[in-house]
1. Relative contact order for chain A: what percent, with Cα pairs under 8 Å and sequence separation of 6 or more?
2. Just to verify a number: FRET efficiency for A:Glu93 and A:Glu153, C-beta to C-beta distance, R0 = 22 Å, to 0.05?
3. Let me know the mean shielding of B:189-197 by other chains, meaning the per-residue number of their Cβ atoms within 10 Å of its Cβ.
4. For chain B, what does the helix formula give at 222 nm: sum of -39500 (n - 2.57) over DSSP H segments with n ≥ 4, over the residue count, nearest 500 deg cm²/dmol?
5. Which distance in nm do the two modelled labels at B:Glu119 and B:Ser248 give, with both placed 7 Å along the Cα-to-Cβ direction?
6. Take the residue pairs B:Lys111/B:Lys211; B:Lys71/B:Lys231; A:Lys183/B:Lys218 and return only those whose Cα atoms are more than 28 Å apart.
7. On average, how many beta carbons from a partner chain sit within 10 Å of the beta carbon of a residue in A:173-185?
8. Pulled fully out, how much extra length does the chain show between A:Asn125 and A:Glu21, if you take 0.36 nm times their separation in residues and subtract their Cα-Cα distance?
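Each value in this text was obtained by applying a stated rule to the coordinates, not by laboratory testing. Predicted, not measured: the structure shown is a model, and the values here were computed from it. We place every Cβ from the backbone using ideal geometry, glycine too, and count neighbours over all the protein chains shown.
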Amino acid sequence: MKIAIIKYNSGNVQSVLYALERLEVEAELTDDPEKIHAADKVIFPGQGEASTAMSYLKARKLDQLIKELKQPFLGVCLGLQLLCEHSEENDTECLGVFPVKVKRFIPENSQEFKVPHVGWNELENLAQNPLLTDLPANPFVYYVHSFYAELSEFTIATTHYIHDFTAILHRDNFWAIQAHPEKSSVVGEKLLANFLRI
Amino acid sequence: MLTKRIIPCLDIKDGRTVKGVNFVQLRDAGDPVELAKIYSDEGADELVFLDITATVDKRKTLAELVTKVAKAINIPFTVGGGISTVEDVKFLLNAGADKISINSAAVHNPKIVDEMAAEFGSQCIVVAIDTRNVDGLDFVHTHGGRKATLLRTQAWAKEVANRGAGEILLTSMDHDGTKAGFANEILAEISSALSIPVIASGGAGTMAHFKDVFTFGKADAALAASIFHFKEIPIPELKEYLIREDISIRK
């Protein structure tokens with residue numbers, strides 16, 4: 001199985017590679033359109049700022065490429081946000097794979113709710129989906145983010161912080177997760193393993 | 001619900017864990033990777049590695065260790081100790097660290113916090129603050145708490161948060177090593193005043209101290225070293241206790 005991890009100006013891609021290594025899967029970090037097209041599965045990790053990431057993808061025409069892919073595709077963290085329609089982070093037009101808006105957390109009480117949302121929180125309202133098979137009830141995953149995707153018909157799991165937000169999205173061959181499965185212990189490993197089996 | 005984090009801290013010298021540890025299942029008590037893996041399996045929510053090496057070759061040794069840890073464990077970890085430049089941060093993040101922590105470097109050159117946050121994002125920049133109470137006022141200290149500065153702790157915490165720190169690791173030098181409980185008063189004061197998470201450090205001695213720091217101290221996470229290393233408080237037991245006490249904790 002050939003796994004391509006999309007290389008762009010995003011932080012901490014290395015940890016996704018290591019997580020796949022632990023699952024005994026080899027992946028290649030690449031921005032070569034041919035290699036990405038030829039891969040069996042594509043992972044779009046991410047950490048950083050939306051507008052800088054989008055400009056980088058556009059400059060290399062990776063934005064068009066991503067939308068046209070037909071193989072199972074997994075966006076992670078900023079990767080999820082970039083797959084949405086628009087992000088409030090520097091008013092950025094994103095890829096639009098999911099017709100969903102990305103908003104900033106606004107705590108009604110800053111003593112109780114810090115932004116960014118950092119730490120372990122639960123996945124709730126899990127749909128029947130191949131990505132979510134054999135998970136424990138309300139499993140914990142690790143989050144670090146200030147922006148979130150609003151709830152939509154493509155939401156297949158939610159998390160509660162200040163209010164419910166989209167934890168995982170699915171549409172056709174595209175899946176996307178806001179948390180970091182590569183840092184989410186056994187639950188994260190299970191999510192990645194499930195994706196590799198899709 | 002977002003949970004409170006339990007964070008063991010490992011002191012590293014020349015790529016080895018220094019403070020003694022007491023784990024029967026450890027084959028090599030000085031191997032940070034093996035210890036990290038045990039903590040991760042036991043349910044630690046994150047790990048902190050504090051490098052106390054003083055040699056010039058330290059960066060390379062540390063980066064090698066960071067890569068080994070990143071390959072072995074699947075929870076987030078922070079690396080700190082002697083980090084002072086954007087280059088240092090890049091080196092360690094590329095090696096596989098999730099976050100880095102800076103301390104004295106920020107005091108000497110506060111702008112470095114802005115630069116690091118702009119370059120790598122706030123989410124991976126932890127500013128560690130060592131504080132000591134002097135005649136009723138809290139002052140930032142450097143050099144492992146030995147050297148006083150004129151910075152007031154509360155004001156400094158606010159400043160680094162404004163400059164882009166993603167989290168604050170607050171160590172009370174008055175409480176560190178006493179096992180008499182965390183510095184809940186100043187922790188609560190700082191945590192309430194800031195919109196970023198605060199990690200409490202210094203003073204953990206009993207399981208009740210953790211409950212106190214998460215309630216009275218309003219801390220988002222609690223860090224400790226020796227009580228975990230010597231198994232005075234096993235992490236699974238601590239987490240069960242905190243859950244019984246209605247603290248939000250990852251099972």
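1. Values: 421 pairs, mean separation 37.7, N = 198.
Computed value for chain A: 19 percent relative contact order.
2. Numbers: r = 21 Å, r/R0 = 0.96.
Computed FRET efficiency for A:Glu93 and A:Glu153 comes out at 0.55.
3. Values: counts 0, 0, 2, 3, 2, 3, 7, 5, 6.
If you average over the peptide's residues, the count of other-chain Cβ atoms is 3.
4. Numbers: 10 runs with 95 residues, N = 251.
Computed mean residue ellipticity for chain B: -11000 deg cm²/dmol.
5. Simple spin-label model gives 3.5 nm for this pair.
6. Details: B:Lys111/B:Lys211 36 Å; B:Lys71/B:Lys231 25 Å; A:Lys183/B:Lys218 25 Å.
Beyond 28 Å between Cα atoms: B:Lys111/B:Lys211.
7. Details: counts 0, 0, 0, 0, 0, 0, 0, 4, 1, 4, 8, 3, 10.
Partner-chain Cβ atoms within 10 Å, mean over residues of A:173-185: 2.
8. Details: separation 104, 0.36 × 104 = 37.44 nm, distance 3.00 nm.
Extra length from A:Asn125 to A:Glu21 when fully extended: 34.4 nm.
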